[in-house]
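Chemist: What follows is a single structure, and I will ask about it in a moment.
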Amino acid sequence: MDLQYLKELLAIFDASSATELMIEGEGTTVSVSKRGPDQVVTQMAPIAQAHVPAHGVETLPAPAQTMLISAPSADENNHTVLSPIVGTFYGSPSPDAPAFVQVGSHISAGQTLCIVEAMKLMNEIESDVSGTIVSILANNAQPVEYNQPLFIVKPD
């Protein structure tokens, strides 16, 4: 099973209100269940296997904040905008359009900074602070991971 595909599905599942997900493919079944606010249970087994041993179940801690968009950066005065999902980073709404923001751009809270495409869905990532873009940490049309830093903003 393609690990990147699985990561994307798990990120979407984590952000959704669904409580169970089952994926079958390439002779393997992956079953994920949200058991409460403190844990997510993941189970993988070959399709042909009728019995899953107890040690085949992993308990994974749920992220502290499912859709964390920003957090303080290493410099206490700056703010880091994080990717809320796994996907492809785009700095502009289309290939021929100008970038949403550039280094030095002044931004407002709620302003679109970029798009992260996941599973053919274009997700606009908005800033939750007003300030100035200090650094853009992702490259256009390149993959980004969940909670990967995308921008550093110096708040007003």
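Chemist: Of the conditions (1) assigned to a strand (DSSP E or B); (2) modelled with pLDDT of 75 or more, residue 12 clears all except one; give me its number.
Modeler: Checking residue 12 against (1) assigned to a strand (DSSP E or B); (2) modelled with pLDDT of 75 or more, the one that fails is (1).
Chemist: Among the residues of region 101-116, which ones are buried (at least 21 other Cβ atoms within 10 Å of the Cβ) and assigned to a strand (DSSP E or B)? If you could, list the steps in order and put the result at the bottom.
Modeler: Looking only at region 101-116, we keep the residues that are buried (at least 21 other Cβ atoms within 10 Å of the Cβ), and these are 101, 107, 113-114, 116.
107, 113, 114, 116 - these are the residues of region 101-116 that are buried (at least 21 other Cβ atoms within 10 Å of the Cβ) and assigned to a strand (DSSP E or B).
Chemist: Additional query: Tally time: how many residues in region 97-111 are touching a Leu at 6+ places or on another chain (Cβ under 9 Å) and closer than 13 Å to residue 128 by Cα?
Modeler: Looking only at that region, the number is 1.
Chemist: Now for a separate question. Search region 128-156 for residues being in a loop (DSSP other than H, G, I, E, B) and touching a His at 6+ places or on another chain (Cβ under 9 Å), and hand back the single one that is farthest from residue 7 (Cα to Cα). Give the derivation first.
Modeler: First pass over region 128-156, keeping only residues in a loop (DSSP other than H, G, I, E, B): 128-130, 137-142, 145-148, 156.
With touching a His at 6+ places or on another chain (Cβ under 9 Å) added as a condition, the list becomes 128-130, 156.
Working: 128: 26, 129: 28, 130: 31, 156: 35 Å.
Checked region 128-156; the qualifying residue farthest from residue 7 (Cα to Cα) is 156.
The values are calculated or read from the model by the stated rules, or taken from the named source; none is laboratory data. What you are looking at is a predicted structure, and each value in this text was computed from that prediction instead of being measured. We place every Cβ from the backbone using ideal geometry, glycine too, and count neighbours over all the protein chains shown.
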